[in-house]
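Peer 1: The structure's right below; bear with me while I get my questions together.
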Amino acid sequence: MIKAILIDDEVHCVETLSMLISEYCPDVEVMERCKSAKEGLPAVKKHNPALIFLDIEMPAMNGFEFLEQFTEIPFAVIFTTSYDQYAIKAIRFSALDYLLKPIDPNELVSAI
């Protein structure tokens, strides 16, 4: 079982992604759903996830700023965003994958 955390400020996006994971990725267990990057920091410490689904554009702290809080990133990252212009920067953060919203179930399965 792959322990995962979802971080996205858009509630409907978190709910949709959670549903897609539940339906198409039975090996992934969503440990927590966070509505902000700041909320995600203690969730990472609490759950020690193997995988984080991370939005980029969020208020207060974006996805890249979230990752900069770690001296070493101890989990895989799949970016989930509506913006394709951040793909190169995501690669620099060693992203496992980069999924554009709305997320295609086949691409989700392939990423995992």
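Peer 1: Give me the pairs: first residue in region 84-112 and in contact (Cβ under 8 Å) with a residue 60 or more places away in the chain, second residue open to solvent by 40 Å² or more (accessible area, probe 1.4 Å), beta-carbon distance under 7 Å, and six or more apart or on different chains, which are they?
Peer 2: As it stands, the answer is LYS101/SER82; PRO105/TYR24; LEU108/TYR24; VAL109/TYR24, since those pairs meet every condition given.
Peer 1: Continuing with the same structure: Picking from SER22, SER36, which residue would you name as being closer than 20 Å to SER82 by Cβ and open to solvent by 30 Å² or more (accessible area, probe 1.4 Å)?
Peer 2: Working: SER22 fails: closer than 20 Å to SER82 by Cβ.
Just a single option satisfies the conditions, and that option is SER36.
Peer 1: Going by what's in this entry, would VAL44 be described as at pLDDT 95 or above and touching a strand residue (DSSP E or B) at 6+ places or on another chain (Cβ under 6 Å)?
Peer 2: Numbers: at pLDDT 95 or above: yes; touching a strand residue (DSSP E or B) at 6+ places or on another chain (Cβ under 6 Å): no.
Here the answer is no, as VAL44 does not meet what is asked.
Peer 1: Is region 83-94 home to any residue that is modelled with pLDDT of 95 or more, surrounded by 12 or more Cβ atoms within 10 Å (Cβ to Cβ) and part of a loop (DSSP other than H, G, I, E, B)?
Peer 2: Residues of region 83-94 modelled with pLDDT of 95 or more: none.
The answer is no; no qualifying residue exists.
Peer 1: Tell me whether region 65-77 contains one or more residues that are under 14 Å from the mean Cα position of the chain (by Cα), within 18 Å of THR16 (Cβ to Cβ), among the β-branched types (Val, Ile, Thr) and open to solvent by less than 40 Å² (accessible area, probe 1.4 Å).
Peer 2: From region 65-77, those under 14 Å from the mean Cα position of the chain (by Cα) are 65-67, 73-77; that's our starting set.
From what is left, the residues that are within 18 Å of THR16 (Cβ to Cβ) are none.
So far as region 65-77 goes, no, none of its residues is under 14 Å from the mean Cα position of the chain (by Cα), within 18 Å of THR16 (Cβ to Cβ), among the β-branched types (Val, Ile, Thr) and open to solvent by less than 40 Å² (accessible area, probe 1.4 Å).
Conditions tested, residue by residue: (1) farther than 24 Å from SER110 by Cα; (2) touching a helix residue (DSSP H, G or I) at 6+ places or on another chain (Cβ under 7 Å).
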{"site": "PRO42", "(1), (2)": "yes, no"}
{"site": "ALA50", "(1), (2)": "no, no"}
{"site": "GLU57", "(1), (2)": "no, no"}
{"site": "MET61", "(1), (2)": "yes, yes"}
{"site": "GLU72", "(1), (2)": "yes, no"}
{"site": "ALA76", "(1), (2)": "no, no"}
{"site": "ASP84", "(1), (2)": "no, no"}
{"site": "ILE88", "(1), (2)": "no, no"}
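The values are calculated or read from the model by the stated rules, or taken from the named source; none is laboratory data. Quick caveat: nothing in here was measured; it's all calculated off a predicted structure. Neighbour counts run over all protein chains shown; Cβ positions are idealised from the backbone, glycine included. Accessible surface areas use protein heavy atoms only, side chains included; no ligands, DNA or RNA. Shrake-Rupley method; radii C 1.70, N 1.55, O 1.52, S 1.80 Å.
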